[in-house]
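Trainee: Okay, here's the structure, questions in a sec.
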Amino acid sequence: YCLAQIEPEKSLLRFLRDDLHLTGSKLSCGEGACGACTVMVSKFDRFQQKIIHYAANACLMPVGSLDGVSITTIEGLGSTETKLHPIQERIAKVHGTQCGFCTPGFVMSMYALLRNNPQPTPEEIEIAFSGNLCRCTGYRPILEGCRTFCNKENCCSKVNLDEVNIQLDKDVISTELYDRSEFTSYDPSQELIFPPELLILGKKSPSRFTISGSKVTWISPISFDELISTKQHYPDSKLVTGHLEIGINTKYNGISNSVLISTANVKELHNITEITDGVSVGAAVSIARLKQELETIIQRLPGK
């Protein structure tokens with residue numbers, strides 16, 4: 001989607017709902033706490049040299065941060081008018097939705113997890129849902145439905161209350177929430193591919209760009225020296241990396257910055273380097289990536 005003119009500070013959620021009229025992503029807390037607005041972000045990470053997928057809160061993501069990024073919303077998975085995605089089908093069939101307001105967020109969090117790991121563990125599913133709240137179901141049916149994607153050898157659902165039948169006099173009462181045979185099988189090869197044009201763009205060297213909105217100017221430097229120079233030129237500007245502070249300050253504190261400087265393309269801030277007495281970590285490295293890199297480094301250490 002190419003925009004001739006945008007307000008770079010506008011949240012992705014507002015853009016989806018107000019401009020594109022895609023209302024499947026819900027506006028609830030507006031501060032990244034409930035997960036009702038969850039979407040999947042896909043991009044070619046220049047620093048890791050691979051395509052990555054991750055769930056994100058659309059209510060906190062400025063549109064200016066989405067250069068070269070692919071966004072998948074709940075509308076992109078399936079619907080009752082076409083065909084439900086296996087995640088949608090399983091949550092529905094195990095009674096994992098009541099009011100339904102939080103359901104798109106749960107589906108998108110699970111979808112992002114499956115794009116990275118088609119057979120997750122129960123623990124990985126719970127971690128994926130750590131940013132999603134449900135006030136109706138008590139979570140059990142949602143978790144039980146999504147655990148059907150687990151490898152059966154590693155899944156706790158192979159021996160649990162859902163597979164126990166209770167004998168009461170002459171009647172047998174089943175406690176199962178679902179019948180696995182009714183589920184459509186999940187085939188990761190049938191998922192949408194990452195847009196080739198974005199892959200080509202991502203493999204090229206980034207260029208500095210500026211977006212001038214009516215209230216805010218968004219600047220994206222491509223080196224640490226450029227970042228320092230830009231910050232010196234706009235001393236009251238705000239550095240943007242994870243977006244959380246920008247969204248919260250705007251909503252609750254009434255703080256708005258006329259200039260926002262993105263660190264997305266500053267290579268020096270995204271490096272993770274092993275040094276003699278430890279690991280040097282760039283300030284813009286995400287916690288999720290840092291965790292993965294540290295696990296890899298630890299595995300190489302002698303006597304781990």
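The values are calculated or read from the model by the stated rules, or taken from the named source; none is laboratory data. These numbers come from a predicted model, not from an experiment. Every residue, glycine among them, receives a Cβ derived from its backbone with ideal geometry; neighbour counts consider all protein chains shown. All accessible areas refer to the heavy atoms of the entire protein, side chains included, with ligands and DNA or RNA removed. Shrake-Rupley method; radii C 1.70, N 1.55, O 1.52, S 1.80 Å.
Trainee: Going by the structure shown, is CYS37 within 25 Å of VAL216 (Cα to Cα), out of contact with any Pro (no Cβ under 7 Å at 6 or more places or on another chain), of a type outside the set (Val, Ile, Thr) and at pLDDT below 95?
Mentor: no
Trainee: For the subset of the range 282-304 comprising residues that are small (Gly, Ala, Ser) and in contact (Cβ under 8 Å) with a residue 40 or more places away in the chain, which member is most open to solvent (accessible area, probe 1.4 Å)?
Mentor: This residue is ALA283.
Trainee: Hey, another quick one. Return yes or no: is GLU144 surrounded by fewer than 21 Cβ atoms within 10 Å (Cβ to Cβ), among the acidic types (Asp, Glu) and modelled with pLDDT of 90 or more?
Mentor: No: the conditions fail for GLU144.
Trainee: I'd like to verify a number: residues in the range 6-32 that are open to solvent by 50 Å² or more (accessible area, probe 1.4 Å) and among the small types (Gly, Ala, Ser), how many?
Mentor: Final tally of qualifying residues: 1.
Trainee: Further question: Would you point out the residue of the range 207-224, among those that are out of contact with any helix residue (DSSP H, G or I) (no Cβ under 9 Å at 6 or more places or on another chain) and not hydrophobic (A, V, I, L, M, F, W, C), that is surrounded by the most Cβ atoms within 10 Å (Cβ to Cβ)?
Mentor: THR217
Trainee: Still on this structure: So, of the residues in the range 206-229 that are β-branched (Val, Ile, Thr) and in contact (Cβ under 8 Å) with a residue 60 or more places away in the chain, which turns out to be farthest from VAL266 (Cα to Cα)?
Mentor: Looking at the filtered set, the residue picked out is VAL216.
Trainee: Still on this structure, please answer the following. Hey, could you check the range 92-125 for residues that are of a type in the set (A, V, I, L, M) and surrounded by 24 or more Cβ atoms within 10 Å (Cβ to Cβ) and say which is nearest to PRO188 (Cα to Cα)? Write out each step before concluding.
Mentor: Within the range 92-125, the first condition is being of a type in the set (A, V, I, L, M), and the residues that meet it are 92, 94, 107-108, 110, 112-114, 125.
Filter again for surrounded by 24 or more Cβ atoms within 10 Å (Cβ to Cβ), leaving 94, 107-108, 110.
Numbers: VAL94: 22, VAL107: 15, MET108: 15, MET110: 13 Å.
Going through the qualifying residues, I end up with MET110.
Trainee: Of the residues that make up the range 263-281, is at least one under 22 Å from ALA58 (Cβ atoms), touching a His at 6+ places or on another chain (Cβ under 6 Å) and either free of Cβ contacts under 8 Å to residues at least 24 places away in the same chain or among the small types (Gly, Ala, Ser) (or both)?
Mentor: No, that holds for no residue.
Trainee: Out of the residues in the range 165-198 that are assigned to a loop (DSSP other than H, G, I, E, B) and of a type in the set (A, V, I, L, M), which is modelled with the lowest pLDDT?
Mentor: LEU177
Trainee: A follow-up question, please. What pairs come up if the first residue lies in the range 121-145 and is assigned to a loop (DSSP other than H, G, I, E, B), the second is surrounded by fewer than 21 Cβ atoms within 10 Å (Cβ to Cβ), and their beta carbons are under 6 Å apart, counting only those six or more places apart or on different chains?
Mentor: THR121/ASN154; CYS136/GLN98; CYS136/CYS99; THR137/GLN98
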